[in-house]
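Worksheet for the structure shown next.
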């Protein structure tokens, strides 16, 4: 039996078919045992559902019952909803807090931009800020510098003056 045939039996039971179609379905159930068994099962199921359905009654009249519900709804509504203007906490929640949060984000972004885009101060000497510093323990020392721009190389020679000796507890030269 196809699903369409099963639906036709259900429609017959519900009284949804035209009189001619209903006669055809009745004749079919008399010829076909499977169709008759399904129709009988559908009738039994419908009867069981009708008998098992609880009957609920309201002790008051319909109007009184709904008026009690309406009064309870009105009692539980907040007083601010009845007022034409918005309440102060609602205004704070809806407008002021998001505005403060957006302002804080703008300030943080501006601070980050300033921090990372501030130009570095010029070094105090003519030397580049990236060049290493040299410390020597010689009181009087002579330095000779050689720069080769094509190779990007700078050489510095330190030589003590004729009367200087290195300090006994310190290294003679340190390059950072």
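The values are calculated or read from the model by the stated rules, or taken from the named source; none is laboratory data. These numbers come from a predicted model, not from an experiment. Cβ coordinates were reconstructed from backbone atoms using ideal geometry, including for glycine residues, and neighbour counts include every protein chain displayed.
For the range 1-13, a tally of residues being touching a helix residue (DSSP H, G or I) at 6+ places or on another chain (Cβ under 9 Å) and in a helix (DSSP H, G or I) returns 8.
Every condition in (1) surrounded by 10 or more Cβ atoms within 10 Å (Cβ to Cβ); (2) assigned to a loop (DSSP other than H, G, I, E, B); (3) modelled with pLDDT of 70 or more is met by residue 150 except one, and the failing one is (1).
Give the residue that is modelled with the lowest pLDDT, with candidates limited to residues of the range 41-67 that are more than 30 Å from residue 10 (Cα to Cα) and surrounded by 10 or more Cβ atoms within 10 Å (Cβ to Cβ). Walk me through it before giving the result.
As a first pass, look at the range 41-67 and keep what is more than 30 Å from residue 10 (Cα to Cα): 57-67.
This time we only want the ones that are surrounded by 10 or more Cβ atoms within 10 Å (Cβ to Cβ), so: 60, 64-67.
Working: 60: 80, 64: 88, 65: 85, 66: 89, 67: 91.
Once the filter is applied, the top-ranked residue is 60.
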